[in-house]
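> Can you read through this structure? Questions will come right after.
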Amino acid sequence: MKSIQKITEGEVVAIDGKTLRSSYEESSDQSAIVMVSAWATTNRLVLGQVKVDEKSNEITAIPELLVMKSATI
């Protein structure tokens, strides 16, 4: 990751949230799993992912993802 970070310094890192297909469990009324990812657009590589808390939203998971991302650099 450090070598790629040097190559792509200043490049765009996209933050995106996705709901995992077939993760909703109707029988137990479990909510669908939502993940937030940091994506290095130049190298087409996922830099990190965080699962969104069940009673939360993507916006609250982004700071956690950014802290995790900055700890790896």
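> Mind listing just one residue for me: the one in the range 44-65 that is more than 16 Å from T19 (Cβ to Cβ) and of a type in the set (D, E, K, R) and, of those, modelled with the lowest pLDDT?
Looking at the filtered set, the residue picked out is R44.
> Something else now. Among the residues of the range 42-59, which ones are over 25 Å from S28 (Cα atoms) and either outside any strand (DSSP E or B) or among the acidic types (D, E) (or both)?
Correct list: T42, N43, R44, I59.
The values are calculated or read from the model by the stated rules, or taken from the named source; none is laboratory data. Note that this is a predicted model, so its numbers are computed, not measured. FYI the Cβ positions are ideal-geometry reconstructions off the backbone, even for glycines, and counts take in every protein chain you see.
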